[in-house]
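Just below is one structure, and these are the notes that go with it.
Values in this text are rule-based calculations from the coordinates and carry no lab data. Remember, it's a predicted structure, so these values are computed and weren't measured experimentally. Heads up, the Cβs are rebuilt from the backbone with ideal geometry, glycines too, and the neighbour counts pull from every protein chain shown.
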Amino acid sequence: MPDDIDAEVILDEILLHDDRYARQAYYFIMEALKHTLQNLQVHRHVTGQELSLGIRDYAIQQFGMIARLVFEQWGITRTRDFGEIVFNLVTAGLMRKTDEDSVDDFNDVYDFEKEFETNYRIEVDKSSL
């Protein structure tokens, strides 16, 4: 992967050609990939579905109950948007894919309202009460 300065220049190019998503979204997706690999405890390629689930978990960990709002501010409203970002990063050389991978792998992995709002639960550590 290129160093941070190269990544900045590459992201500038991506955003010049596709401004649907905020710069922060690209950083978040790259961090979420690292998080997903660590949680899966694998050193292999992850699928679009696995990454989408990892992104969900990382977003909840990082943003809690405002995760959906943060994504909306970045232009992300569905899991397909994760795929669009990933494939922009692949095209730019900041991520890799296999021949079997497709942006369609990110289609409808889950519903944002359900995952980030309806199913969201606040955990309370009862031992500290």
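Dipole size of the chain about its Cα centre, with +1 on Lys/Arg Cβ and -1 on Asp/Glu Cβ: approximately 460 debye, rounded to the nearest 20.
Compared with the alpha-carbon gap, the fully stretched path from M65 to V9 is longer by 16.9 nm at 0.36 nm per residue.
Does a label point 7 Å from the Cα of E100, set along Cα-to-beta-carbon, have any residues of segment 40-54 with amide nitrogen under 18 Å, and which are they? 42-53, by backbone N distance to the label point. 3J(HN,Hα) couplings calculated from phi for segment 103-120 with the Karplus curve 6.51 cos²θ - 1.76 cosθ + 1.60 (θ = phi - 60°) are, in sequence order, 4, 5, 4, 9, 5, 6, 5, 7, 8, 4, 4, 5, 6, 9, 10, 4, 8, 5 Hz; Gly and Pro show x. Largest mean-square fluctuation among D81, D19, D99, in a Gaussian network model of the chain whose springs join Cα atoms under 10 Å apart, belongs to D99.
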